[in-house]
Amino acid sequence: MTSKFATNVGSVDRGLRIVLGLILLGAPFLSGAALFQSGAATGIAVLVGLVLIATSAMKFCPLYRILGIRTCKL
């Protein structure tokens, strides 16, 4: 029986997702960039950062499933 949430995110992909997610979470608050003066840009960066970290923790990416992508070894 296969899980509907089968692992499709490999270890290198997970590491990159964690790093990028942490950067996106911290950038609006630590960078002082003009881009993040808008509440919308800050919200989007934080949301995308959280999604990247969550998909890394679950080892599953719904978009990869839709596109038929697997970055992990079977």
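Residues that are open to solvent by less than 60 Å² (accessible area, probe 1.4 Å) and either touching an Asp or Glu at 6+ places or on another chain (Cβ under 8 Å) or more than 17 Å from ARG65 (Cα to Cα) (or both) within the stretch 1-15 comprise just one, GLY15. Has the stretch 53-64 got any residue that is in a helix (DSSP H, G or I) and basic (Lys, Arg)? Within the stretch 53-64 (the criterion being in a helix (DSSP H, G or I) and basic (Lys, Arg)), the answer is no, since none of the residues qualifies.
Could you list, in sequence order, the residues of the stretch 54-63 that are open to solvent by 40 Å² or more (accessible area, probe 1.4 Å) and either in contact (Cβ under 8 Å) with a residue 40 or more places away in the chain or closer than 14 Å to VAL12 by Cα (or both)? Give the steps one after another, and end with the answer.
So the first thing to find is which residues in the stretch 54-63 are open to solvent by 40 Å² or more (accessible area, probe 1.4 Å), and the list is 54, 57-59, 62-63.
Selection gives ALA57, MET58, LYS59.
When you go through GLY32, GLY43 one by one, which is the residue that is on the phi > 0 side of the Ramachandran plot, of a type outside the set (A, V, I, L, M) and without any contact (Cβ under 8 Å) to a residue 24 or more places away in the chain?
GLY32
Out of curiosity, is LEU67 among the aliphatic types (A, V, I, L, M) and in contact with a helix residue (DSSP H, G or I) (Cβ under 8 Å, 6 or more places away or on another chain)?
Numbers: among the aliphatic types (A, V, I, L, M): yes; in contact with a helix residue (DSSP H, G or I) (Cβ under 8 Å, 6 or more places away or on another chain): no.
For LEU67, the condition - among the aliphatic types (A, V, I, L, M) and in contact with a helix residue (DSSP H, G or I) (Cβ under 8 Å, 6 or more places away or on another chain) - is not met.
Being among the basic types (Lys, Arg), assigned to a helix (DSSP H, G or I) and open to solvent by 30 Å² or more (accessible area, probe 1.4 Å) is a property that does not hold for ARG70. Residues that are closer than 25 Å to ARG65 by Cα and in contact with a Ser or Thr (Cβ under 8 Å, 6 or more places away or on another chain) were ranked within the stretch 16-53; the one that is least open to solvent (accessible area, probe 1.4 Å) is GLY21.
The values are calculated or read from the model by the stated rules, or taken from the named source; none is laboratory data. The structure presented is a predicted model; accordingly, all values stated were derived computationally and were not measured. All Cβ positions, glycine included, derive from the backbone under ideal geometry; neighbour counts span all protein chains shown. Side chains included, ligands, DNA and RNA excluded: accessible areas come from the protein's heavy atoms. Shrake-Rupley method; radii C 1.70, N 1.55, O 1.52, S 1.80 Å.
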